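Laboratory data are not the source of any read-out in this text; all were calculated from the coordinates shown. Source: prediction; values computed, not measured. Here Cβ is always computed from backbone atoms with ideal geometry, including for glycine, and neighbour counts include all displayed protein chains.
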Amino acid sequence: MTIENDLFLRACRYEQTDRSPVWLMRQAGRYLPEYQKTRAKAGNFMGLATNPDYAAEVTLQPLDRYDLDAAILFSDILTIPDAMGLGLSFVNGEGPQFSHPLNTETAVKNLVEADMAKLDYVFNAVKTIKKSLLRNGQQRVPLIGFSGSPWTLACYMIEGSGSKDFINTKKMLYNRPDLLQRILDINIKSVTQYLELQIEAGVEAVMIFDTWGGMLSTQDYLKYSLEPMSRIIKEIKSVKKYESVPIILFTKGGSGWLHAMSTSNADVIGLDWTIDLKVARETLSNTGKNLAIQGNLDPLILLANPKEIEKRVHDSMLNLAEAKIANNNPLQGHIFNLGHGINLATPPENVQTLIEAVRTASTQVRLHQ
Ligand code: CP3
């Protein structure tokens, strides 16, 4: 199957592109009225995610509104612990909750790998989305699959819900690292299988969301977050047919660890807004690897006025263009995104402004080089 617009994949592979491709984390979601409508039909979030037709419908909604260069599978990172039997539900306004969290030693000892058959709805959603992306015999844009990182999944599994500080998880890390390691080892196997099956079902790239890696000390980040992610990437890349599938690694709050991340074998490093693109590009370039970068505007810029949004996009592209790196163009391998997911309060018309600004600014900086 050929892809009509493969700009995103080319940027993942560090190729020259005429402009930076753009997609946005959480591009499908509650800020869109059409999402709210489909969600109401489905009853709740899991009703949406477990029905391939609904999942395809909401995946396509942002692509029908905006000129985006990639689609992302509509699902959630917490499907894995759900398929381990932890019992996921989304309570309205309260976020995710597990009915069987890992809050005792026995619960950790009884934990088993996710049953991939229980995740068939995800792989079926991928297949349905791929069909919906077809236009005149071509796939409109690439489809990104994803998973949470073993550490980020462990945070929710231990706590049983979201948290400000994940106290119970940190307590386990410091007092019973053996139990944490057991959870991580199981998560590593499940995430690897899950991503491989998403690739088998048809996704063209995968992203590992390490939302909570940034709350660790450097020592613990390397051991409990980066090492598990590196093992997953190594495993996937060791399979010939998956070798060329780009892997994006995103640790929110991870700007200080770019050098370490570059050793993970990921193809693309996702960046939050606490680092500027120029510094990130130069730091990664100094590792001697050609790593693509993805990011990184503060998602709340979308709550500003259109002029300010345009200015911030232009500033960001000019900043990247200033990076001094050996042999390569600093704009090569840049994927425009936010530094985290779109906020619920985002006016949809501001997303339009942002995307148009990215097209203009990222083309202009290349022309003026
Ligand atoms: O990016 C996309 O458009 C793809 C879909 C996607 C969702 N969740 C849909 C979703 C992706 C990639 C995720 C990842 C995810 N889920 C992460 C990692 C990235 C990040 O944002 O940090 C995390 C930590 C989760 C866990 C999660 N899922 C939480 C904490 C919540 C509740 C908070 C909230 O925003 O409501 C969810 C629910 C969820 N996942 C929603 C969506 C669109 C909202 C559910 C609803 O419709 O009520």
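Worth pointing out:
- A Cβ distance below 7 Å, combined with a sequence gap of six or more or placement on separate chains, defines the contacts here; from segment 315-336, residues that are assigned to a helix (DSSP H, G or I) reach residues that are buried (at least 24 other Cβ atoms within 10 Å of the Cβ) and charged (D, E, K, R) in the pairs Leu320/Arg281.
- Residue within segment 243-258 that is more than 12 Å from the ligand (Cβ to nearest atom) and among the basic types (Lys, Arg) present: no
- In a residue-by-residue description of segment 250-270, the property of being over 29 Å from Leu367 (Cβ atoms) and charged (D, E, K, R) applies to at least one position.
- Top-ranked residue of segment 137-153 - restricted to ones that are in a strand (DSSP E or B) and surrounded by 20 or more Cβ atoms within 10 Å (Cβ to Cβ), ranked as farthest from the chain's Cα centre (by Cα): Gln139
- Considering residues of segment 50-75 that are in contact with a Ser or Thr (Cβ under 7 Å, 6 or more places away or on another chain) and of a type in the set (Asp, Glu) only, the residue farthest from the ligand (Cβ to nearest atom): Asp53
- Residue selected from segment 6-35 under the condition more than 9 Å from the ligand (Cβ to nearest atom) and free of Cβ contacts under 8 Å to residues at least 60 places away in the same chain, by the criterion surrounded by the most Cβ atoms within 10 Å (Cβ to Cβ): Arg10
- For first residues located in segment 237-251 and in a helix (DSSP H, G or I), partners that are of a type in the set (A, V, I, L, M, F, W, C) and lie 6+ apart or on another chain with Cβ distances below 8 Å form the pairs Lys237/Ile247; Tyr242/Ile199; Tyr242/Ile236.
- Condition check for Thr283: out of contact with any strand residue (DSSP E or B) (no Cβ under 6 Å at 6 or more places or on another chain), closer than 26 Å to Val206 by Cβ and among the polar types (S, T, N, Q): yes
- Candidates in segment 100-133 are the residues that are farther than 20 Å from Leu173 by Cα and without any contact (Cβ under 8 Å) to a residue 60 or more places away in the chain; of these, the one that is farthest from the ligand (Cβ to nearest atom) is Ala117.
- Qualifying residue in segment 76-85 (condition: more than 9 Å from the ligand (Cβ to nearest atom) and closer than 13 Å to Ser161 by Cα): yes
- For Gly47, the stated conditions hold: it is within 11 Å of the ligand (Cβ to nearest atom), surrounded by fewer than 17 Cβ atoms within 10 Å (Cβ to Cβ) and small (Gly, Ala, Ser).
- Selection status of Gly93, among the small types (Gly, Ala, Ser), surrounded by fewer than 18 Cβ atoms within 10 Å (Cβ to Cβ) and not in a helix (DSSP H, G or I): yes
- Filtered residue count, segment 154-171, keeping only those that are part of a helix (DSSP H, G or I) and either within 12 Å of the ligand (Cβ to nearest atom) or crowded, with 22+ Cβ neighbours inside 10 Å (or both): 7
- Filter result (under 18 Å from the mean Cα position of the chain (by Cα), part of a helix (DSSP H, G or I) and closer than 17 Å to Ile188 by Cα) within segment 207-220: Gly213
- Of the helices (runs of 4 or more DSSP H) lying entirely inside segment 1-64, those carrying at least 3 residues that are over 18 Å from the mean Cα position of the chain (by Cα) and more than 27 Å from Ile247 (Cβ to Cβ) are 33-42.
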